[in-house]
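The structure appears below as structure tokens.
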Amino acid sequence: MKKLCLGLANLFFFVWIPILAAQTPKAPSAPPETAPSPVVSEAAIATGMEGMAPQGAADSFESSVGKVYAFTKITGAQGETSIKHLWFHGDHLAAEVELPVKSSSWRTYSSKTITPGMTGPWKVDVTTPDGTVLKSIPFTIK
């Protein structure tokens, strides 16, 4: 009888304990980490560039300006990647420029020639390669 009780106790231990362990709630797992996306830490529309610094930055320009520059400083990029400058005149996509980003802090720019008939609202959307808008820089040609 003693052996039978010990056998039943062992059976209980080896069968019941794993069942209890399976029913014990587990701590919630942390959400998967996502790679940090780049950030536009500085942006400007300007009439010129000197080195990698915008000159004549404003949000409104005369139609005789000739050319304007979209400057962006990108921070937080992981490895080499790229961004895009999407130039919109009103709702019309006027130009798309892909620009390399080669370090975690990178300055870059693109330009657009402006003719006298290109008046009205403009914007440059700075996007990731997958199309996520990081920043929109509005300006006006009058």
Convex hull volume per residue for the range 71-112, taking Cα atoms only, in Å³ = 68 Å³
query = Hey, rough spin-label estimate for E62 and S82, points 7 angstrom out along Cα→Cβ, what's it come to in nanometres?
reply = 3.7 nm
inquiry  = Give me the extension gain from E42 to T140: residue separation times 0.36 nm, minus the current Cα-Cα distance, reported in nm with one decimal.
reply    = 33.4 nm
key: Cα-only Debye scattering, the range 57-130: base-10 log of I(q)/I(0) at q = 0.12, 0.16, 0.17, 0.28 Å⁻¹   = -0.36, -0.60, -0.66, -1.34
note = Counting sequence-distant residues (5 or more places) and residues on other chains, those with an amide H built under 5 Å from that of L134 are V126, T127, T128
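Bear in mind these aren't lab numbers, they're just calculated from the coordinates by the rules spelled out. Worth saying up front: this structure is predicted, and the values here are computed from it rather than measured. Methodologically, a virtual Cβ is constructed for each residue, glycine included, from the backbone with ideal geometry; neighbour enumeration extends over all protein chains shown.
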